[in-house]
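Contents: one structure, followed by commentary.
The values are calculated or read from the model by the stated rules, or taken from the named source; none is laboratory data. Worth saying up front: this structure is predicted, and the values here are computed from it rather than measured. Here the Cβ positions follow ideal geometry from the backbone for every residue, glycine too, while neighbour counts run over all protein chains shown. Note: areas computed on protein heavy atoms with side chains; ligands, DNA, RNA excluded. Shrake-Rupley method; radii C 1.70, N 1.55, O 1.52, S 1.80 Å.
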Amino acid sequence: GKSGFRAFLHHVPDEGKLLVMFAPHVGIDAAGKVGALQRDGQTKVSKACGAAVGAYGVISSKGAATPKPSGGNDDTDLFDPQLNTIVNLLEPRLGGIELAVDPISFVTYQMYAIVRDLIDECVEGTPDVWDFANEVSIVGGIMINRYKGGDFFQPLSFETRVKDGSSKGKVIDLYEDAFGAKPDLVGVLGSEEAVANLYDRSKRAKL
């Protein structure tokens, strides 16, 4: 949040630069199931990301004849403030999920967009950021945890903001210079509209 971001600013060298990297994660188990992972030292398969999968479960159960109960240890406790926050931020972004090849894959990309928007709010909502740094660079994407073969990072955004007298700073997109063309996500998200919505930053997620 903003208080944590401001605390982080106190670690920036004088007239220095700040690098922020964020990546919601998703697991893929040995059988190729998205949203699950057999972690090192464990025999059972567990959810990954448990919070995102749990939030989607709560949203999906709202119209079910038998809603999933709250409480217990199933990552769907409605009394969990973190879960409630994710549910409230995620639910408006689920339009078109029925066209996606996999619902948890769709949810994971929406989690990326939510975190991206909240970080933007942190930077722009902390006007004295430029008292601590001359440049703020932000790299965002998705961390893919795999049972075998190591983890992958899929970059989805990379921009830098340079001090220019405004609260936002001068925004420079560095993605193509660093990573090349952006990935074609139509096959994953199910439609061009869903891809456009993912990259649309005109309607930001807000707490």
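Within a straight-line Cα-Cα reach of under 29 Å, LYS163 can be paired with the following lysines, leaving aside sequence neighbours fewer than 8 residues apart in one chain: LYS2, LYS17, LYS182, LYS203, LYS206. State the percentage of accessible surface on the chain attributable to carbon and sulfur atoms; use a 1.4 Å probe and exclude ligands, DNA and RNA. Carbon and sulfur together cover 54 percent of it.
For the pair TYR199 and VAL171, label points projected 7 Å from Cα toward Cβ lie 1.3 nm apart.
Could you order HIS25, HIS10 by accessible surface area, starting with the largest, using a probe radius of 1.4 Å?
On the way: HIS25 60, HIS10 120 Å².
Ranked list, largest accessible area first: HIS10, HIS25.
Length gained on full extension, GLN154 to LYS44, computed as 0.36 nm times the residue gap minus the Cα-Cα distance: 37.0 nm. In this rough spin-label picture, where each label sits 7 Å from Cα along the Cβ direction, the ASN84-ALA178 distance is 3.6 nm. Taking square-rooted eigenvalues a ≥ b ≥ c of the alpha carbon gyration tensor, is region 160-207 rounded, prolate or oblate, where a/c under 1.5 means rounded and, failing that, a/b exceeding b/c means prolate? Taking the square roots of the gyration eigenvalues as a ≥ b ≥ c, region 160-207 is oblate. For the chain, the membrane-span-like helices by this rule, meaning whole DSSP H stretches whose C-alpha atoms cover at least 20 Å of axis and whose Kyte-Doolittle mean is 0.0 or above, are 103-124; this says nothing about an actual membrane. Excluding ligands, DNA and RNA, the accessible surface per residue across the chain is 55 Å² with a 1.4 Å probe. For the chain, the fraction of C-alpha pairs farther apart than 26 angstrom is 41 percent. Sorting the Cα pairs of region 96-174 by distance into bins of 10 Å, from 0 upward, gives 16, 37, 27, 16, 4 percent per bin.
Dipole of the chain computed with +1 at Lys/Arg Cβ and -1 at Asp/Glu Cβ about the Cα centre; of GLY150, ALA178, GLY125, farthest Cα towards the positive end is GLY150. Each Cα pair under 8 Å and six or more residues apart adds its separation to the average, and for the chain the resulting relative contact order is 26 percent.
Calculated FRET efficiency, ASP128 and ASP14, Cβ-Cβ r, R0 22 Å, to nearest 0.05?
Working: r = 14 Å, r/R0 = 0.64.
It comes out at approximately 0.95.
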